[in-house]
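Right, one structure below, let's go through it.
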Amino acid sequence: MNQPLKIAVIVGSARTGSINRAFVLALSRLARDAMDFDILPVEGLPLYNGDLEADMPPLLAELKSRIRAADGILFVSPEHNRSVTALMKNTLDWLSRPNGDNVWAGKRAAICGASPGARGADLSQMHLRQIAVCLGLEVMPQPEVYVQVKDGTFTQAGDFGQERDIAFQRRFLERIAAWIRQPEA
């Protein structure tokens, strides 16, 4: 049996009661035998400013180390104004700096997101895919996972509430594992 994959998780919402954090916690319970999720504290990064590169934030070294130790990345984010959240963009920018030390390059990743809206954060994910190309991330092409959160999506305990959702999310996790373990071309 394979060792559990180490997955660094970037949640694009720092909001108390974030549905995307709830989504990731439900995913982590489904994945517990196959994946260890490491939810990174990216909300602790200051707003990116090139002037700060002379004295990098201490948290940056820790985050880079945890990403380097990960087998893959999972981005989980809502949508703000039809794009990625400011927190997600800030994280992407900081971890690609300084020039020549882009921690994202060559890492395999998957993207998902949740929203109360009918489109479930799909535009955010499309924009994140565009940014990922520039950063050298290898993003899993399918399936695309846009979750519309409504009554019954999660149980009181925080698990997925519908068998159909559980089955879909298990397949998503299996695809992530296969994507990460796939030999390089």
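Overview of values
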{"item": "Count of residues meeting criterion [small (G, A, S), more than 16 Å from F172 (Cα to Cα) and open to solvent by 40 Å² or more (accessible area, probe 1.4 Å)] in the stretch 1-47", "result": "3"}
{"item": "Checklist (1) at positive phi; (2) surrounded by 13 or more Cβ atoms within 10 Å (Cβ to Cβ); (3) over 15 Å from the mean Cα position of the chain (by Cα) applied to G106, failing item", "result": "(2)"}
{"item": "Failed criterion for A14 (all others in (1) more than 11 Å from the chain's Cα centre (by Cα); (2) over 18 Å from R97 (Cβ atoms); (3) part of a helix (DSSP H, G or I) hold)", "result": "(3)"}
{"item": "Residue count, the stretch 60-84 (criterion: closer than 13 Å to A14 by Cβ and modelled with pLDDT of 95 or more)", "result": "1"}
{"item": "Matching residues, the stretch 122-175, being of a type in the set (A, V, I, L, M, F, W, C) and either in a strand (DSSP E or B) or at pLDDT below 90 (or both)", "result": "L123, V139, V145, V147, F154, F160"}
{"item": "Condition met for L25 (more than 19 Å from A177 (Cα to Cα), touching a residue at least 12 places away in the same chain (Cβ under 8 Å) and assigned to a helix (DSSP H, G or I))", "result": "no"}
{"item": "Residues of the stretch 61-103 classified as farther than 19 Å from H127 by Cα, surrounded by fewer than 21 Cβ atoms within 10 Å (Cβ to Cβ) and of a type in the set (A, V, I, L, M, F, W, C), total", "result": "3"}
{"item": "Positions within the stretch 134-173 being open to solvent by 30 Å² or more (accessible area, probe 1.4 Å), touching a residue at least 60 places away in the same chain (Cβ under 8 Å) and under 24 Å from K107 (Cα atoms), in sequence order", "result": "R170"}
{"item": "Total residues in the stretch 55-78, condition part of a helix (DSSP H, G or I), within 15 Å of R97 (Cβ to Cβ) and in contact with a Leu (Cβ under 8 Å, 6 or more places away or on another chain)", "result": "5"}
{"item": "Scope the stretch 33-46; condition farther than 14 Å from S96 by Cα and in contact (Cβ under 8 Å) with a residue 24 or more places away in the chain; matching residues", "result": "D33, A34, M35, D36, F37, D38, I39, L40, E43"}
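The values are calculated or read from the model by the stated rules, or taken from the named source; none is laboratory data. Quick caveat: nothing in here was measured; it's all calculated off a predicted structure. When we count neighbours, we look across all protein chains shown, and the Cβ atoms used for this are built from the backbone with ideal geometry, even at glycine. To get the accessible areas, we keep the full protein, side chains included, count just its heavy atoms, and leave off ligands, DNA and RNA. Shrake-Rupley method; radii C 1.70, N 1.55, O 1.52, S 1.80 Å.
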